[in-house]
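Single-structure report; data block below.
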Amino acid sequence: MSDPETTRLIAWGAEMRAVHDRLRGALRLSQEAAAAGLPLPTPSRDLLLFCHGFCSALDGHHRGEDALLFPAVEAEHPDLSPQLRKLEQDHAMIGTLLDGLSAAVARSAAPSVVAGHLEGLAAIMESHFGFEERTLLAVLDRLGLRASVAEVYGPL
């Protein structure tokens, strides 16, 4: 029996927009938890939960794109290779920023420090998502990639 997620025609562009919107929402929840303040010396349970969930989701999203989506796009559109390399570099930079956020939360950094990490991530993430959407949406809905949405865009 085949998996319906891999046998149906997937509108990869629509899926990308939906995942980006969910990640933006997760970031907002993390920012709201940080804005509510951290009872020092222990970070609030909500902030730990939101930041861990957000960091895991964003990292999983980028890993799936790097491993499955970008190679499939490049195979059908080799002219997009330079843009795909830039997106992969963005993913590495965002990964470093996520590590910094995780470390700040784990060490119970001051709320302003955590908020600064989240603001920096928000700015880079929005720039990255905008570039990714401008670069890829036109080709994604015609992409012949046989994989599940969760494999390609992460388990959201």
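Some notes on this structure:
- Test: residue in segment 131-142 that is within 13 Å of the chain's Cα centre (by Cα), over 23 Å from Glu15 (Cβ atoms) and not aromatic (Phe, Trp, Tyr): no
- Segment 65-116, residues that are free of Cβ contacts under 8 Å to residues at least 40 places away in the same chain, of a type in the set (Asp, Glu) and within 30 Å of Ala36 (Cα to Cα): Asp99
- Residue within segment 73-96 that is farther than 30 Å from Arg146 by Cα, acidic (Asp, Glu) and assigned to a helix (DSSP H, G or I) present: no
- Candidates in segment 120-144 are the residues that are loosely packed, with under 13 Cβ neighbours inside 10 Å and not polar (S, T, N, Q); of these, the one that is modelled with the lowest pLDDT is Gly144.
- Search result, residues across segment 120-144 that are touching an Asp or Glu at 6+ places or on another chain (Cβ under 9 Å) and assigned to a loop (DSSP other than H, G, I, E, B): Arg142, Leu143, Gly144
- Residue in segment 21-37 that is modelled with pLDDT under 85, among the polar types (S, T, N, Q) and in a helix (DSSP H, G or I) present: yes
- For segment 104-119, a residue qualifies if it is hydroxyl-bearing (Ser, Thr, Tyr) and either buried (at least 19 other Cβ atoms within 10 Å of the Cβ) or not in a helix (DSSP H, G or I) (or both), and exactly one does: Ser108.
- A count restricted to segment 74-102 and to residues that are among the hydrophobic types (A, V, I, L, M, F, W, C) and over 18 Å from the mean Cα position of the chain (by Cα) stands at 2.
- Count of residues meeting criterion [touching a helix residue (DSSP H, G or I) at 6+ places or on another chain (Cβ under 8 Å), farther than 18 Å from Ala138 by Cα and surrounded by fewer than 18 Cβ atoms within 10 Å (Cβ to Cβ)] in segment 69-96: 3
The values are calculated or read from the model by the stated rules, or taken from the named source; none is laboratory data. Being a predicted model, the structure only gives us computed values, none of them experimental. Note that we place each Cβ from the backbone using ideal geometry, even for glycine, and neighbour counts take in every protein chain shown.
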